[in-house]
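Values in this text are rule-based calculations from the coordinates and carry no lab data. Every value quoted in this text rests on a predicted model; they were computed, and no experiment measured them. Quick reminder, even Gly has a Cβ in these numbers, built from the backbone with ideal geometry, and neighbours come from all protein chains shown.
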Amino acid sequence: MIPELGGEVAATLGALVTGGRHAALERVAVRAQLPWVEIDAPLPLTLNLDGEPETSTHFRIDCVPRRLRMHLPQPCALLSGDEASDPSDPS
C-alpha cells in the first residue's frame, strides 16, 4: 500500500512530473549570492568541494571571488550567465 502524499512533497513531485527537474528544484531551492554559507546538520554529511571528502555536522564555506579556476565547455550557463543555456538540464 502506498501512503497518500500531501503538502510540499506532493507539490514538488507534481512540479517534477509536469515541469521537469529544474521546476522541482525551484520549489525547494534557495538562490542567493553570499560571502559565505554555513551548514548545520543533525547527522554527519560528506561534502567534496575540492577533491578531499570531509564529513561533519557543521560546515562553513567561504565564497572568495576569482579563487577557483575552471575549464568549462561551450555553451555553458556559467560563462553566459544564462541558466537557459545549460545543456545538462534535460527539462
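If r is the Cβ-Cβ distance from Ala41 to Leu78 and R0 is 25 Å, what FRET efficiency results, to the nearest 0.05? Efficiency, rounded to the nearest 0.05: 0.40.
For Leu45, the amide hydrogen comes within under 5 Å of the amide hydrogens of Ser56, Thr57, counting only partners 5 or more places away or on other chains and with H modelled in the peptide plane.
Note on His58 and Val17: the model spin-label points, each 7 Å out from Cα along the C-beta direction, lie 4.3 nm apart.
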